[in-house]
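Q: Handing you a structure now.
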Amino acid sequence: MAISTGSPVASRTRRPLTLDSIVRRALVGLFVVLMVVFILGPLLWLGVRAFAGNWTFPNLLPDDWTLRWWQVVVNDGALGIAVQNSLFFAPLTVLVSAIICLPAAYAFARFDFPGRRFFLISLFATNAFPKMGLFVTLAALFYALNLMNTILGILVVHVLGTVVFMTWIPAAAFAAVPRNLEEAARDAGASKLRVFASVTLPMALPGIIVAAVMSFLASFDEAQGTYLVGAPAFMTMPTQMYSLVLNYPTQVAAVFSILLAIPSVALMLAAHKHILGGQLAEGFQIK
């Protein structure tokens, strides 16, 4: 009896490339190239532009390099105030949003009450329509309440943009905590408050962290409502970009754009384990 020494893999013949497979691979390659160009291209342009001096056509690179534009941003008082305002409003927004939304998230996760699903879905109302219409309506109300150009008025606008993140994601995190662990702690003699502090909260903390990061980014990048309600008394980094584009060289706008992106990138990198781990996706799957 003859014994075959060739491996099954080696004995297999490759399928010939068909026109359909060639076209499919070409389209995938073209899609990857376009994504690289349109995502990394603007970032690369910002990085080069922020350090560029003179840049004459048709040179692919600047004629000279300089740090002068960074000095302009650092030494400009208005730009410095915008940075301070952004770093003031974003953490304050996260704190106020957490105080308001986390108890509601726990209630949505643990209690079944009339209208529960309706209220959960209605939280998307602030993001379901063009925000400028909402902000114009708020501005009319704020004029009547004397909240224009005030910290409270800007804070209301920022908190409205974080309600979805700070409610849905923690609600899913609270709902995912096994009830039997809490019951075991109660059987051991722990009070409800101690059970929440030692069992429920630590297990739901990754979801709360993701919600806080997303809320911080939403507040930090909020521009339209802040400009409408707060300008010119309170200018944040996103609203200051309007002035930079109109009144400064493009190099200054590039520097400021990089500074505006640094907190977002840093927070996303710090929380990437929880975000890639599914906490963000699970936050929108609560039943």
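Q: If a residue has to be of a type outside the set (Gly, Ala, Ser), touching a helix residue (DSSP H, G or I) at 6+ places or on another chain (Cβ under 8 Å) and under 30 Å from PHE196 (Cα atoms) to count, how many in region 45-103 make the cut?
A: Matching residues across region 45-103 total 9.
Q: To continue, here is another question. Which residues, counting only those in region 130-167, are touching a residue at least 24 places away in the same chain (Cβ under 8 Å) and more than 20 Å from MET235 (Cβ to Cβ)?
A: LEU134, THR162, VAL163, VAL164, PHE165, MET166, THR167, listed by residue number.
Q: Can I ask one more? Considering only region 164-196, state which residues are of a type in the set (A, V, I, L, M) and part of a helix (DSSP H, G or I).
A: If we filter region 164-196 for residues that are of a type in the set (A, V, I, L, M), which is where we start, we get 164, 166, 169, 171-173, 175-177, 181, 184-185, 188, 190, 193, 195.
Selection gives VAL164, MET166, ILE169, ALA171, ALA172, ALA173, ALA175, LEU181, ALA184, ALA185, LEU193, VAL195.
Q: Report every pair of residues separated by at least 6 positions or lying on different chains whose Cβ atoms are under 9 Å apart, first residue within region 53-81 and of a type in the set (Lys, Arg), second surrounded by 10 or more Cβ atoms within 10 Å (Cβ to Cβ).
A: Between residues of region 53-81 that are of a type in the set (Lys, Arg) and residues that are surrounded by 10 or more Cβ atoms within 10 Å (Cβ to Cβ), the close pairs are ARG68/GLY53; ARG68/GLN251.
Q: Oh, and also: Do any helices (runs of 4 or more DSSP H) lying entirely in region 59-154 carry at least 3 residues that are crowded, with 17+ Cβ neighbours inside 10 Å and hydroxyl-bearing (Ser, Thr, Tyr), and which ones are they?
A: Numbers: elements: 68-75, 77-110, 116-122, 125-128, 131-145.
Fully inside region 59-154 and qualifying: 77-110.
Q: Taking only pairs six or more apart or across chains, which ones have beta-carbon atoms under 9 Å, a first residue in region 24-37 that is modelled with pLDDT of 85 or more, and a second residue that is of a type outside the set (Val, Ile, Thr)?
A: Every condition considered, the pairs that remain are ARG25/LEU17.
Q: Do we find that VAL28 is open to solvent by less than 50 Å² (accessible area, probe 1.4 Å), farther than 30 Å from ILE169 by Cα and part of a helix (DSSP H, G or I) in this structure? Break it down into steps so the answer makes sense when it comes.
A: Values: open to solvent by less than 50 Å² (accessible area, probe 1.4 Å): no; farther than 30 Å from ILE169 by Cα: yes; part of a helix (DSSP H, G or I): yes.
No, not satisfied.
Q: In region 261-274, is there at least one residue being closer than 27 Å to LEU67 by Cβ, at pLDDT 85 or above and in contact with a Lys or Arg (Cβ under 8 Å, 6 or more places away or on another chain)?
A: no
Q: I've got another one for you. Only one of these conditions is not met by THR167: (1) surrounded by fewer than 19 Cβ atoms within 10 Å (Cβ to Cβ); (2) at negative phi; (3) in contact with a Phe, Trp or Tyr (Cβ under 9 Å, 6 or more places away or on another chain); (4) modelled with pLDDT of 90 or more. Which number is it?
A: (1)
Q: Within region 146-166, how many residues are within 22 Å of the chain's Cα centre (by Cα) and over 22 Å from PRO130 (Cα atoms)?
A: Summing the residues that are within 22 Å of the chain's Cα centre (by Cα) and over 22 Å from PRO130 (Cα atoms) in region 146-166 gives 0.
The values are calculated or read from the model by the stated rules, or taken from the named source; none is laboratory data. Predicted, not measured: the structure shown is a model, and the values here were computed from it. Neighbour counts are summed over all protein chains in view; Cβ atoms, including those assigned to glycine, are modelled from backbone coordinates with ideal geometry. Keep in mind that these areas ignore ligands, DNA and RNA; they rest on the heavy atoms of the full protein, side chains included. Shrake-Rupley method; radii C 1.70, N 1.55, O 1.52, S 1.80 Å.
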